[in-house]
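Notes follow once the structure below has been shown.
The values are calculated or read from the model by the stated rules, or taken from the named source; none is laboratory data. Being a predicted model, the structure only gives us computed values, none of them experimental. In this analysis, Cβ positions are derived from the backbone assuming ideal geometry, glycine residues included, and neighbour counts consider all displayed protein chains.
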Amino acid sequence: MAFNKNSFVLLALSFLASFWLAYSQAPNNLQPGCLPVPSLPENFFSKPESWPHGTPLLQTLKDSTNPPRIVRRASTFWSGWENVHYLFAFGDSYTKTNFTIYGEQPNPANPLGNPSYPGATSAAGPNYIDFLITTYNQSYIQAYNLGYGGATIDPSAVQSRLRKTLQSFQQQVEDEFLPTYVNNSKVPWTPSNSLFSIFFGINDVTNSYAEGNGTINYDLIQAYQNLVNEASPF
């Protein structure tokens, strides 16, 4: 069993919409089964320039009088936030917590599995994966975070500038997710109780621009679509 690509798109949009809403509401009460999150500076949400990994895009969204509208559509697999119990994350440094499939697996004592909460993030503290499973969730969620710092979508299209053997989206899907978590009785996830997050593109754009390759965008989107399809037989 693997995730449905249409289900992923719809769930991802739902995740983004809820996460955007969470920024504006910033609830203080933890949901059942959550770990405490360190308090943030009072002006944290109003000053994107002070965020770790703050970018001009974040500043643009803050200053925009017409922020982008996120549309959510119903899915046959979507059963509500309260029924989400598994999170599978693929990405680069914005996502990674340094989880390894060979270490301790997510459990009630530590929904991240390994390392201990909040993990080793590029934010020097909780990142969006941490917040999603400990603060803005409506149920107990175990996170299988396969994100890897510096990762690109497909090394045959754009290589990481860190090293060639780095875990790209391709490796995260083919070498980790498919052989480890598909048809795994110890991780009984289904399309209805799981959320998939894919966060790539930053290293692909940066590295291809540095190489003067301005025509690779189509190849990157095609590689991305192929990898989603590869893990989506439904």
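Details
- Residue check, Thr180 β-branched (Val, Ile, Thr), assigned to a helix (DSSP H, G or I) and within 30 Å of Glu82 (Cβ to Cβ): yes
- Qualifying positions in the stretch 94-109 - more than 16 Å from Phe177 (Cβ to Cβ) and in contact (Cβ under 8 Å) with a residue 60 or more places away in the chain: Tyr94, Pro108
- Of the criteria (1) in a loop (DSSP other than H, G, I, E, B); (2) closer than 21 Å to Ser168 by Cβ; (3) out of contact with any Asp or Glu (no Cβ under 8 Å at 6 or more places or on another chain), which one Glu104 fails: (2)
Each row is one residue, and each column tells you yes or no for (1) closer than 27 Å to Asn127 by Cα; (2) under 21 Å from the mean Cα position of the chain (by Cα).
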| site | (1), (2) |
| --- | --- |
| Val182 | yes, yes |
| Pro191 | yes, yes |
| Phe199 | yes, yes |
| Ile202 | yes, yes |
| Tyr218 | no, no |
| Asn226 | no, yes |
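- Flag for Pro106 being at pLDDT 90 or above, surrounded by 19 or more Cβ atoms within 10 Å (Cβ to Cβ) and over 15 Å from the mean Cα position of the chain (by Cα): yes
- With respect to (1) more than 18 Å from Gln105 (Cβ to Cβ); (2) exposed (fewer than 13 other Cβ atoms within 10 Å of the Cβ), the lone exception for Ile216 is condition (2).
- Selection count where residues are touching a helix residue (DSSP H, G or I) at 6+ places or on another chain (Cβ under 8 Å), closer than 17 Å to Ala89 by Cβ and not in a helix (DSSP H, G or I), scope the stretch 195-234: 8
- Cβ-Cβ under 6 Å pairs, at least 6 apart or on other chains, the stretch 209-221 side at pLDDT 75 or above, far side of a type in the set (A, V, I, L, M, F, W, C): Asp219/Ala157; Leu220/Ile153; Leu220/Ala157
- Output for the stretch 97-124, where each listed residue is among the polar types (S, T, N, Q) and on the phi < 0 side of the Ramachandran plot: Thr97, Thr100, Gln105, Asn107, Asn110, Asn114, Ser116, Thr121, Ser122
- In the stretch 120-151, the residues that are assigned to a helix (DSSP H, G or I) and surrounded by 22 or more Cβ atoms within 10 Å (Cβ to Cβ): Ile129, Asp130, Leu132, Ile133, Thr134
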